[in-house]
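Remarks on the structure that follows.
The values are calculated or read from the model by the stated rules, or taken from the named source; none is laboratory data. Not measured: the values here are computed from a predicted model. As a convention, Cβ positions derive from the backbone with ideal geometry for all residues, glycine included, and neighbour counts pool all protein chains shown. Remember, those area values only see protein heavy atoms, side chains included, never the ligands or the DNA or RNA. Shrake-Rupley method; radii C 1.70, N 1.55, O 1.52, S 1.80 Å.
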Amino acid sequence: MIQFGTSGWRAVIAEEFTFENVRNVIHAIAAHLKGQTAPVVVGYDTRFLSPELAQMTADIVSSYGLSVLLSKDPVPTPVVSFQITHHQAAGGINFTASHNPPEYNGIKFNMANGAPASPEVTREIERLANQQAVSSEPQAGTAVHGSPLAARRSLIRIFDPRPAYLARLKKIIDVSTLKKAKLKVGADVLYGTGRGYLDAFLKEAGCRTTILHDWRDVNFGGHSPEPADEQLAELVRVMKKEKLVAGFGTDGDADRFGVVDQDGTLLSPNEILPIVLQHLVKTRKWKGLVVRSVMTSQFIDAVAKSYGLEVKETPVGFKYIAEAMMAGNFLMGGEESGGLTIQGHVPEKDGILACLLMAEVRAVEKKSFHQILADLQRRVGPHHSKRVNLHLSPEVMQNVRRRMETFTPNIIDGLAVKKIVRMDGFKFIFQDDSWMGVRLSGTEPVVRLYLESDSPRKLKDLEKIGTKLIQS
C-alpha cells in the first residue's frame, strides 16, 4: 500500500518502490494536475535509478497534456521548490529519499506555492494510486490521451536549475562580508545533490573551500546520506589537518544541514536555529513570526522572547511550517531534525541556505560557533537537549501506543507535570520548564524520546526517566 509520510512517499527499492507503484503514483499526481496550463517541474537526486525514473515521469506527465521542466542534473529539494515558484509552475515532482539509507528511494510532490503537498493533497494522490484509478504507462510510440510519444516529448524541456537559484541566494546571503573574511572551510555534500551548489557558492563568495564526496555514489559510501557525526567524521579529520574554521554538510537532497565547529564538534540543529535567529534580527533587523515543530528545542523561544517575537508551535513535518510561512508575517522556521527556511525564501527546508547563513555568522562574529553559543546561553539562559531512539519489539510498541493515549499523569518519577501537549505525539512540560516528548514511529518499532533541560545533569536524569517510562 502506498502511503505518504511527513515528507513524501519512501520505500525500499524493488520491494515496495517498484516500477508499477512508481507509475501509479506519477499517474495519480498527473491526474491531480490535469487541466493545468502551467508546467510541472521534475527533479531527482543521486540515488539508484532516480535519473531514469525522472525521464519516465516526464513522459507520463506530458501524456496528460502537461508541459514539463526536467532538470538536466540531480537537483536539491529546496531548488525544486524554488523553481516551482520561479517558473510559476503547477507543482513539482522530485525523486528522492532524502537522508534515508541507500536502498530507499522516494517521490516528493510540492504544490504550486513551492510548499510540500498538504495532507489533503497527499491523501488524494494515495487514493488514486492505491485504487489504480489511473492508466498504466504506455509502451514507447503508442498513444495516450490522444497524444503520441513524439508529440508528448515536445512538451518536455530540459533545463539547468542552478543559475536562478544561486542568483537568489546572492540576494539573501551577505557575500561581501564572506569575501572580506576569506574563511577556510570544508564542505561535505555526502555524494548528494548539494554538489555544485553549496561548494560553488562558498568558493565564489571567497571562502577557501575543501570539498569532500562531490561525486555520485548510489551507495553513499555505505552510509545513510545524513550530515551526522558518523557521516561527517572524514570532514572533521580534514578540518583538523587543514586547520579549517568551520565545516558544512548537506544530506542526500540537500534539505538538511550539518555544521561542524573549528574544534571538530558537530552542532545540533537545536543549537543552530537560535544562533541563526539572533543573527537575522541583529543584521537584518527583521521582525515576524518564529515557527518551530513541537519537538524542537525551546531555546529558540528564549531568543525570540528576548527580541519580543512571537513563536508558533506546529506538528512535526516541514509542510506545517510552510503553511505558517505562507500565512504571512513570517521571520524564520525550523525543526530539530535539521530543517530551516527564512522570510523571502522557499516554503521548504533548505540545507544549503542554513550552511551559508552559518558561514555568514562565522564571518560577522569572528568567533567559534561554541563561543557564540556560550554568549547566547548566558544572555537567554542555558538549554540542553537530546533525542534518543528506543528500539522496541512490535508487541511492546503496541502497548506503549495504547498506554500513551490515556496517560495523563500529574507527576512522572517525582517531577510535577505542568502541561501536556498532545500535538503529533506527547510532550510533558514540567514545573521547571524542562520537558520530555514522546513520538511513536508509524513505519518501524521505534519510540523517539525528545528531552530538554537547563543542565546536562538534569538532561541525563530525564533520559533515565523517559527510558524507564517507555520500557516499563
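A crude spin-label estimate for the pair MET326 and LYS72, with each label 7 Å from Cα along the Cβ direction, gives 3.1 nm.
How about the stretch 186-240: which GluC sites (Glu not before Pro) there are in a DSSP loop, with at most 13 other Cβ atoms within 10 Å of their Cβ? Don't skip to the end; give the middle numbers.
Details: sites: GLU204, GLU230, GLU234; in loops: GLU230.
Filter output for the stretch 186-240: GLU230.
Dipole size of the chain about its Cα centre, with +1 on Lys/Arg Cβ and -1 on Asp/Glu Cβ: approximately 1360 debye, rounded to the nearest 20.
Stretched out straight at 0.36 nm per residue, the stretch from ARG208 to LYS287 would grow longer than its current Cα-Cα span by 25.1 nm. Gain on full extension, evaluated as 0.36 nm per residue between ASP413 and GLU16 minus their Cα-Cα distance, stands at 138.7 nm.
Counting only C-alpha contacts under 8 Å and six or more residues apart, can you give the relative contact order of the chain as a whole percent? Mind showing how you got there, number by number?
Numbers: 963 pairs, mean separation 59.8, N = 472.
Worked out over the chain, it gives 13 percent.
Placing a label point 7 Å from the Cα of VAL446 along the Cα-to-Cβ line, the residues of the stretch 80-121 whose backbone N sits under 16 Å from it are 97-105.
Given Cα pairs under 8 Å that are at least 6 residues apart, what percent is the relative contact order of the stretch 26-115? Write down the numbers at each step before the final one.
Details: 166 pairs, mean separation 29.9, N = 90.
Computed over the stretch 26-115, the figure is 33 percent.
Compared with the direct C-alpha span, the chain from PHE48 to ILE420 gains 129.6 nm at full extension, assuming 0.36 nm per residue.
As a calculated quantity, the FRET efficiency between LYS367 and ARG237 at R0 = 35 Å, using C-beta atoms, amounts to about 0.90.
Ranked by the mean number of other Cβ atoms within 10 Å per residue, highest first, peptides 323-330, 408-415 order as 323-330, 408-415. Toward the positive end of the charge dipole of the stretch 283-417, with +1 on the Cβ of Lys and Arg and -1 on the Cβ of Asp and Glu, the farthest Cα among PHE318, VAL303, PHE407 is that of VAL303.
Counting heavy atoms of the protein chains alone, SER154 has an accessible area of about 90 Å² for a 1.4 Å probe.
Since only LEU33, ILE13, THR46 are under comparison, the one whose Cα sits farthest along the positive direction of the charge dipole of the stretch 1-116, derived from C-beta charges on Lys, Arg, Asp and Glu, is LEU33. Report note on the peptides 314-321, 121-128, 356-363: ranked by the mean count of other C-beta atoms within 10 Å, highest first, their order is 356-363, 314-321, 121-128.
If you count the DSSP beta bridges with both ends in the stretch 1-123, what percent of them are antiparallel, to the nearest 5?
Numbers: 10 of 19 bridges.
DSSP beta bridges in the stretch 1-123 are roughly 55 percent antiparallel.
A helix-only calculation puts the chain at -11500 deg cm²/dmol for mean residue ellipticity at 222 nm, using -39500 (n - 2.57) for each DSSP H run of at least four residues, averaged over all residues.
With both residues required to sit in the stretch 177-281, DSSP beta bridges show an antiparallel share near 45%. Cross-link pairs exceeding 28 Å in C-alpha to C-alpha distance, out of LYS184/LYS312; LYS203/LYS366; LYS72/LYS203; LYS240/LYS367; LYS243/LYS458; LYS287/LYS319, comprise LYS184/LYS312; LYS243/LYS458. Have a look at the DSSP beta bridges in the chain and tell me what percent are antiparallel, nearest 5. Of all bridge pairs located within the chain, approximately 60 percent are antiparallel.
Extending 7 Å from Cα along the Cβ direction at GLN55 and again at GLN471 yields two label points whose distance is 5.1 nm.
Seen through its C-alpha gyration tensor, with square-root eigenvalues sorted a ≥ b ≥ c, the stretch 252-389 comes out rounded because a/c lies under 1.5.
Between THR250, LEU155, LEU273, the Cα set farthest toward the positive side of the dipole of the stretch 144-285 (charges on each charged residue's Cβ, about the Cα centre) is that of LEU155.
Relative to its Kirkwood radius, the Cα radius of gyration of the chain gives an Rg/Rh of 0.97. Surface analysis of the stretch 150-252 yields an accessible area of 46 Å² per residue, using protein heavy atoms and a 1.4 Å probe. Here's the list of lysines a cross-link from LYS460 could span, going by alpha-carbon distance under 16 Å and ignoring same-chain residues fewer than 8 apart: LYS386, LYS468.
Work out which helices of the chain, taken as complete DSSP H runs, extend at least 24 Å along their axis over the Cα atoms and score a mean Kyte-Doolittle of 0.5 or more, then list them. Span-like helices in the chain: none at all.
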